[in-house]
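Undergrad: Pasting in a structure now, in structure tokens, and then I'll have a few things to ask.
The values are calculated or read from the model by the stated rules, or taken from the named source; none is laboratory data. Treat the numbers as computed from the prediction; the structure is a model and nothing was measured. Every residue, glycine as well, gets a Cβ built from its backbone with ideal geometry; the counts of neighbours run over all protein chains shown.
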Amino acid sequence: MSTQSVAKPLSGRVAVVTGASSGIGEASAEHLAALGAKVVVLARRADRLSELVDRIEKDGGDALALSVDVTDAAAVQSAADRVATELGGADLLFNNAGVMLPAPVEERPIGQWQHQIELNITGLMNAIAAFTPQLVAAAAERGVADLINTSSIAAQNIYPNFAVYAGTKAYVTHLSRHLRAELGSKNVRVSAVEPGIVGTELQSHVTDEGALQWLAGAKEAMEWLTPEDVAQTIGFIATLPPRVNLQQLTIMPTGQAS
């Protein structure tokens with residue numbers, strides 16, 4: 001094995017990252033690029049994507065920014081078509097776009113419910129629909145491709161006022177299990193990553209006072225995960241031997257009990 005292949009284990013691979021303008025997506029794009037992948041970063045904020053691409057390229061990586069709202073199926077498909085044309089198709093999709101808006105159900109924050117469902121579920125499915133054919137084709141050619149979905153510890157545990165968010169993440173985890181059964185025989189590995197509390201922009205979208213107090217208390221009580229912690233995990237999954245599929249991986253702050 002050459003020194004180059006050890007230093008850049010994802011050399012020759014094309015990784016698409018959604019929700020790449022901040023947090024876990026941003027950190028994962030940088031890490032995957034450092035591992036040698038050509039990285040395609042998708043998000044709505046073109047300015048943030050441009051800054052991300054500049055940093056990746058300054059560090060010797062290769063990246064392409066596509067300003068896309070993943071809830072727009074036609075826009076996601078157009079992005080996938082461009083990846084196919086310009087880069088030969090993706091062999092890694094990291095589905096990371098999402099939003100967390102906890103609130104008591106009795107307050108009926110219907111707009112927040114819809115926003116979480118549209119982004120966390122519909123946006124996820126739009127990306128899966130657009131890029132899965134590329135993953136299958138790449139796996140047939142090179143023997144492996146990866147579909148990695150960001151879920152949450154909320155998919156497994158119970159948190160008052162997080163019912164809709166937790167429900168969307170339970171969907172992500174269970175969907176991932178089914179897709180692994182469907183795509184594994186085609187050498188496409190499917191993984192659900194379930195982080196505990198990570199310090200990202202996700203918390204800045206929260207408006208519910210009870211949830212804000214809970215988050216503030218949690219920050220006082222423990223050291224949260226960083227986006228880079230999760231990014232390292234994404235890189236680990238992608239660099240495993242093709243025969244190894246981490247179906248479901250929970251990554252928690254050491255001080256978070258549940």
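Undergrad: Can you tell me which residues in region 100-123 are hydrophobic (A, V, I, L, M, F, W, C) and in a loop (DSSP other than H, G, I, E, B)? Spell out the reasoning first.
TA: From region 100-123, those hydrophobic (A, V, I, L, M, F, W, C) are 100-101, 103, 105, 110, 113, 117, 119, 121; that's our starting set.
Those that are hydrophobic (A, V, I, L, M, F, W, C) and in a loop (DSSP other than H, G, I, E, B): M100, L101, A103.
Undergrad: Consider V105 against the criteria (1) more than 30 Å from A181 (Cβ to Cβ); (2) among the β-branched types (V, I, T); (3) in contact with a His (Cβ under 7 Å, 6 or more places away or on another chain): it satisfies all of them except one. Which criterion is unmet?
TA: Against the list (1) more than 30 Å from A181 (Cβ to Cβ); (2) among the β-branched types (V, I, T); (3) in contact with a His (Cβ under 7 Å, 6 or more places away or on another chain), V105 comes up short only on (3).
Undergrad: Quick check on this structure: which one of V105, V144, V164 is touching a residue at least 60 places away in the same chain (Cβ under 8 Å), farther than 27 Å from A238 by Cβ and of a type in the set (A, V, I, L, M)? So that I can check it myself, show each step before the final result.
TA: Values: V105 fails: touching a residue at least 60 places away in the same chain (Cβ under 8 Å); V144 fails: farther than 27 Å from A238 by Cβ.
Exactly one residue qualifies, and that residue is V164.
Undergrad: Can I ask one more? Looking at region 209-245, which of the residues that are aromatic (F, W, Y) and part of a helix (DSSP H, G or I) is nearest to the chain's Cα centre (by Cα)? It would help to see each step written out before you state the result.
TA: Residues of region 209-245 aromatic (F, W, Y): 214, 224, 236.
Adding the requirement that they be part of a helix (DSSP H, G or I) leaves 214, 236.
Numbers: W214: 25, F236: 14 Å.
Of everything passing the filter in region 209-245, F236 is nearest to the chain's Cα centre (by Cα).
Undergrad: If you scan region 138-154, which residues turn out to be surrounded by 18 or more Cβ atoms within 10 Å (Cβ to Cβ) and hydrophobic (A, V, I, L, M, F, W, C)?
TA: Of region 138-154, the ones surrounded by 18 or more Cβ atoms within 10 Å (Cβ to Cβ) are 138-139, 144-154.
Within region 138-154, A138, A139, V144, A145, L147, I148, I153, A154 meet the criteria.
Undergrad: Which of the residues belonging to region 32-48 are assigned to a helix (DSSP H, G or I) and either surrounded by fewer than 24 Cβ atoms within 10 Å (Cβ to Cβ) or free of Cβ contacts under 8 Å to residues at least 12 places away in the same chain (or both)?
TA: Answer for region 32-48, where residues must be assigned to a helix (DSSP H, G or I) and either surrounded by fewer than 24 Cβ atoms within 10 Å (Cβ to Cβ) or free of Cβ contacts under 8 Å to residues at least 12 places away in the same chain (or both): A34, A46, D47, R48.
Undergrad: For region 181-208, enumerate the residues that are part of a helix (DSSP H, G or I), within 16 Å of the chain's Cα centre (by Cα) and either among the polar types (S, T, N, Q) or surrounded by 18 or more Cβ atoms within 10 Å (Cβ to Cβ) (or both).
TA: As a first pass, look at region 181-208 and keep what is part of a helix (DSSP H, G or I): 181-186, 201-205.
Filter once more, so that each one left must be within 16 Å of the chain's Cα centre (by Cα): 201-202.
Scanning region 181-208 gives a single hit, L202.
Undergrad: Let me confirm something: among A130, A97, A63, which residue is within 17 Å of V39 (Cα to Cα), in a loop (DSSP other than H, G, I, E, B) and modelled with pLDDT of 95 or more?
TA: Working: A130 fails: in a loop (DSSP other than H, G, I, E, B); A63 fails: in a loop (DSSP other than H, G, I, E, B).
Among A130, A97, A63, only A97 is within 17 Å of V39 (Cα to Cα), in a loop (DSSP other than H, G, I, E, B) and modelled with pLDDT of 95 or more.
Undergrad: Still on this model: Which of the residues spanning region 206-258 are of a type in the set (F, W, Y) and at pLDDT 95 or above? Even if it seems obvious, please write down each step before you answer.
TA: Going residue by residue through region 206-258, those that are of a type in the set (F, W, Y) are 214, 224, 236.
The answer is F236, and nothing else.
Undergrad: Oh, and also: Quick one: is A74 without any contact (Cβ under 8 Å) to a residue 12 or more places away in the chain, surrounded by fewer than 18 Cβ atoms within 10 Å (Cβ to Cβ) and of a type in the set (A, V, I, L, M, F, W, C)?
TA: Values: without any contact (Cβ under 8 Å) to a residue 12 or more places away in the chain: yes; surrounded by fewer than 18 Cβ atoms within 10 Å (Cβ to Cβ): yes; of a type in the set (A, V, I, L, M, F, W, C): yes.
Here the answer is yes, as A74 does meet what is asked.
Undergrad: Only one of (1) more than 18 Å from the chain's Cα centre (by Cα); (2) at pLDDT 95 or above; (3) surrounded by fewer than 21 Cβ atoms within 10 Å (Cβ to Cβ) fails for I158. Which number is that?
TA: Just one mismatch for I158, condition (2).
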